[in-house]
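> First the structure, which I've put down as structure tokens, then a few questions once you've had a look.
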Amino acid sequence: MPLNDSAVMVPGTGRYYIAPVGTALPTTPSSPGSPWVDIGHTSRDEPLTIAREGGDRETLGSWQNEALRERVEPISYQLSFRVLQYDELALQLYYGGGAVNDTTGRFEAPKSSVPQEHALFVVIVDGANTWDRYFPRTSILGSDDEEHDVEQLSGMPVSATILGDSSLDHLFSVAGPGLVSSSSGV
């Protein structure tokens, strides 16, 4: 494939949006609108990590052909980022539920965490170029220690495990200016 300068990205800014599981891909990525909700401020130092687990490969053979087939373990993906806003939504994502008590005005974390299932839409901006990732179904929960450092913004690390949606034939989708279909001959 030839060099494609449009396929290179520097993630300058970005936004995370959530909506009910299965919410359709926004028609306007720069401004998703209802029912999509902006998660708010997230860390510039740890904007997005996408981890891949599984995918181990094994060659299976017969007596007649040592390399007859290849078997690949299922692959799972998990996004990690740090939410910086200490509001009800961010606290629910980190603690796995809970709510602000109307009487006390205090957030009450649940005794037992329950991953929060949402559709997730991530917009990454590189100057005039915009990339996005759409995940129809994710399971979001706090993933590490909440940190308070006098020289940094406080934040809560969360992870979103990408779950399958049985009504779809794909796990998630990615869009960006450098994408060109390779179905014409690779």
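The values are calculated or read from the model by the stated rules, or taken from the named source; none is laboratory data. None of these values were measured; they are calculated from a predicted model. Here the Cβ is made from the backbone with ideal geometry for all residues, glycine too, and neighbour counts use every protein chain on show. Note: accessible area is taken over every heavy atom of the protein model, side chains too, but ligands, DNA and RNA are not part of it. Shrake-Rupley method; radii C 1.70, N 1.55, O 1.52, S 1.80 Å.
> Of everything in the range 37-51 that's open to solvent by 70 Å² or more (accessible area, probe 1.4 Å) and out of contact with any strand residue (DSSP E or B) (no Cβ under 6 Å at 6 or more places or on another chain), which residue is modelled with the highest pLDDT?
41
> Go through (1) without any contact (Cβ under 8 Å) to a residue 40 or more places away in the chain; (2) crowded, with 18+ Cβ neighbours inside 10 Å; (3) acidic (Asp, Glu) and name the single condition residue 132 misses.
Result: residue 132 passes all but (1).
> Residues of the range 1-30 being out of contact with any strand residue (DSSP E or B) (no Cβ under 8 Å at 6 or more places or on another chain) and either buried (at least 16 other Cβ atoms within 10 Å of the Cβ) or at pLDDT below 90 (or both), which ones? Give the derivation first.
Initial filter on the range 1-30 (out of contact with any strand residue (DSSP E or B) (no Cβ under 8 Å at 6 or more places or on another chain)): 1-5, 7-8, 24, 27-28.
If the condition is that a residue be out of contact with any strand residue (DSSP E or B) (no Cβ under 8 Å at 6 or more places or on another chain) and either buried (at least 16 other Cβ atoms within 10 Å of the Cβ) or at pLDDT below 90 (or both), then 1, 2, 3, 4, 5, 7, 8 are the ones that fit.
> What strands (runs of 3 or more DSSP E) lie completely within the range 1-114 and have 1 or more residues being over 18 Å from the mean Cα position of the chain (by Cα)?
On the way: elements: 13-19, 49-54, 57-60, 69-72, 75-83.
Output list reads 57-60, 69-72.
> On to the next question. When you scan the range 71-85, do you find a residue that is out of contact with any Cys (no Cβ under 8 Å at 6 or more places or on another chain), open to solvent by less than 50 Å² (accessible area, probe 1.4 Å) and of a type in the set (Gly, Ala, Ser), even just one? Lay out the reasoning, then the answer.
Kept after step one, since they are out of contact with any Cys (no Cβ under 8 Å at 6 or more places or on another chain), are these residues of the range 71-85: 71-85.
Still in the list and also open to solvent by less than 50 Å² (accessible area, probe 1.4 Å): 79-84.
If we keep only those that are of a type in the set (Gly, Ala, Ser) as well, we get 80.
Checked against the condition, which is being out of contact with any Cys (no Cβ under 8 Å at 6 or more places or on another chain), open to solvent by less than 50 Å² (accessible area, probe 1.4 Å) and of a type in the set (Gly, Ala, Ser), the range 71-85 yields at least one hit.
> Another question, then. Provide a single number: the residues in the range 150-175 that are assigned to a loop (DSSP other than H, G, I, E, B) and among the small types (Gly, Ala, Ser). Reasoning before the result, please.
Residues of the range 150-175 assigned to a loop (DSSP other than H, G, I, E, B): 150-154, 163-172.
Applying the additional criterion that residues be among the small types (Gly, Ala, Ser) yields 154, 164, 166-167.
The qualifying residues number 4.
> Kindly provide the set of residues from the range 150-173 that are of a type in the set (A, V, I, L, M, F, W, C) and loosely packed, with under 12 Cβ neighbours inside 10 Å, ordered by number. I'd like the intermediate steps shown before the answer.
Step one: list which residues in the range 150-173 are of a type in the set (A, V, I, L, M, F, W, C), which gives 150, 153, 156, 158, 160, 162-163, 168, 171-172.
Matches in the range 150-173: 150 only.
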